[in-house]
Amino acid sequence: MRLYQAPGMNTPVLSMLGLGKTSTAVIDIAGAVVPIASNDPKAIAALLMAYMKKGAETEAADNAHHTYLKSEFSETTVNGAVCVRWDAVSEDRGVAGHEGQAYTLALHRLMCSDPEFPAYTARVDYSLRLEPGEKRFNPDAVGLAVVNSIAFRKLGYRARLIPVGPQPLALADANGTVWVAYGGKDGRIVPIDPKSNVTGKPIPVGENPRNIVAAGPTLWVSLRGGKALVEIDAVRRAVLRTVPLPSGPGALASGFGALWVTLTEKHAVLRFDPVSGSMIEIANVGQSPFALTCTSEAVFVTDYASDKVYRIDPVANTVTGSQRGGESASFIIADGTWLWVNSQSDEPAVLRLDPARPGTDPVPYKGIDYRPRGLAAWQGKIWVANGAGASVSPLDPNRPDAPVVFEVVGEQPWSLLAAQGSLWVSLPALDAIVRMEPD
C-alpha cells in the first residue's frame, strides 16, 4: 500500500520488513521539517491531525480494493511529545497474485512533534498484512509496542521550512538577504528576509537558473537553458543586464575581480570581467569541468569525468596543475585551509584536499548517505547534504573517522549556504528551503 506522508516525509529514515512472503510486517520511521510555527500543543496537534486525516482520505481514494473495518483517530502524548495517531484495519482484496482473497491489513501510524522544537516532526508506521486464516500475530500488541517507543533527542538546532518556488537549487547571501534561484523555463530568484523568514517579490531571470553568486551588492545568476549570465542589483532588486555566453553555464564563482563559469560542453572555464565585459576561455581543465571555487591564491575546478581537481592561476589564466579529487564531484568549497569535494562513487564520501600539497592523497570522510551533494562550512564543521536521503551531516574537519550524524531536514537536499548565522538548505523535491539555527 502507498502510505501518505506529510511534506518532507517521503523518505523513511528506517524501514524494516518481516514475516513471510504473503504475510508481511513493515515498520517505517521517517522524520521531517514541516511548517509548524507554533509552540502551542493544541495547535501542533491540530496540524498533525489534519495531515493524518488527509493521509487517510488519500489512501482510501487510491486503494479501492480496501474495505475499512476500523478507522480511528486520536490525540495522545508519547515521552513528552504531542502526537496524533491513526489505527485502522481493512480487508485487502488487491494483493498481487492473490486478487479476490481477503487479506487483513492493520495499520498503526503515529505522528509526533515536541513543543520545544515544533518544526521537527517524526512519524512511525507499523503495518501488518496477514493472509487469510493467519492467526499467529496480534497486530494491536505488536504495533502499539513499536509506535510507543518513539523518543525525541535535542540536537542543538532549530529548523524552519520556508516555501519558495518549484525546484530551488542555488542559494546566495547579498545585502543582508538570502537569495534563492528556482524554476525551469520560467526561472526566478526570490529574496528571504533573515529577520522574519518572509519571502519577497520574485524576480524573473530566464530559463533554468543553475547557480547564483554574490559580488558585493550585485547578484549574478547563470542560466543553463538561456546560455547567459544575469546581473541583478540586490539593493534595488532589479535586473541590470543579461550577458550571452558561448555555451550553457554550469557552476559559478566570484573572485579576483572576475566571474568564473564552467562551460562543461566546451571542456573549459570562462573568466568574465563584469567591468570591461571581456571573456577568456581557459582550456585543459579536464573532460567535464563541473564545480569550482576560489581561494585567496587560485581557482579550483573539479572534473566530473575523472578523479581530478584542476588549479587555475588567476593572473596567467592558465591551468598550472591538478591533484586527485572526487569521482563525479559536483560540489567543491574552500574553508581557508582545505578544499572539500563530494565524491559520488560507489562508496560515497566527502574528500578533504590540501591545496598546498597537491601530491598528497585526499582524506576520505565515509559513512555518509549516497549522492552527497552541497557542502558548507558552518560552526566549525563541514556540512554535507545527503541527496539520496533526507538529511544533512556535520563532519569534523580534524576527525575523518568520527561517527557520522544525520540531521533530518527534508527529502533530497541539494545545496547548502552558511549565512546570517544559519545553515540554509535547498529542497527541490519540496519546493522549499530549510533554515537551521543554533538552539
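Quick note: the coordinates plus some simple rules give every number you see, no bench work behind them. These figures come from a predicted structure and were not determined experimentally. We place every Cβ from the backbone using ideal geometry, glycine too, and count neighbours over all the protein chains shown.
Key figures
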| read-out | value |
| --- | --- |
| About the Cα centre, charge dipole magnitude for region 170-241 (Lys/Arg +1, Asp/Glu -1 at Cβ), debye | 140 |
| Charge context of Pro397, other residues only, Cβ under 11 angstrom, K/R +1, D/E -1 | +1 |
| 3J(HN,Hα) from dihedral phi, region 63-79, Karplus parametrisation 6.51/-1.76/1.60, rounded to Hz, x for glycine, proline | 10, 5, 7, 9, 10, 6, 9, 7, 7, 10, 10, 7, 9, 7, 10, 9, 6 |
| C-alpha center-to-center spacing [region 245-321, region 54-84] in angstrom | 53 |
| Listed residues Gln420, Gln101, Gln344, most fluctuating in the chain (Gaussian network, C-alpha, under 10 Å) | Gln101 |
| C-alpha center-to-center spacing [region 399-427, region 88-104] in angstrom | 42 |
| Positive-end residue of Val408, Thr199, Gln167, charge dipole of the chain with Cβ unit charges | Thr199 |
| Gain upon complete extension [Lys381, Glu72; 0.36 nm per residue less C-alpha separation] | 106.7 nm |
| Distance in nm between pseudo-label sites at Gln101 and Thr337 (7 Å out along the Cβ direction from Cα) | 6.3 |
| Mean ellipticity per residue at 222 nm, deg cm²/dmol - from DSSP H runs of n ≥ 4 across the chain, formula -39500 (n - 2.57) | -2500 deg cm²/dmol |
| Cβ-isolated cysteines (cut-off 4.7 Å), the chain | Cys294 |
| Which of Gly374, Asn79, His98, positive extreme of dipole for the chain (C-beta unit charges) | Gly374 |
| Neighbourhood net charge (14 Å Cβ-Cβ; Lys/Arg +1, Asp/Glu -1) for Gly225 | +2 |
| Charged-residue dipole, Cβ positions (Lys, Arg, Asp, Glu), the chain about Cα centre, Debye nearest 20 | 500 |
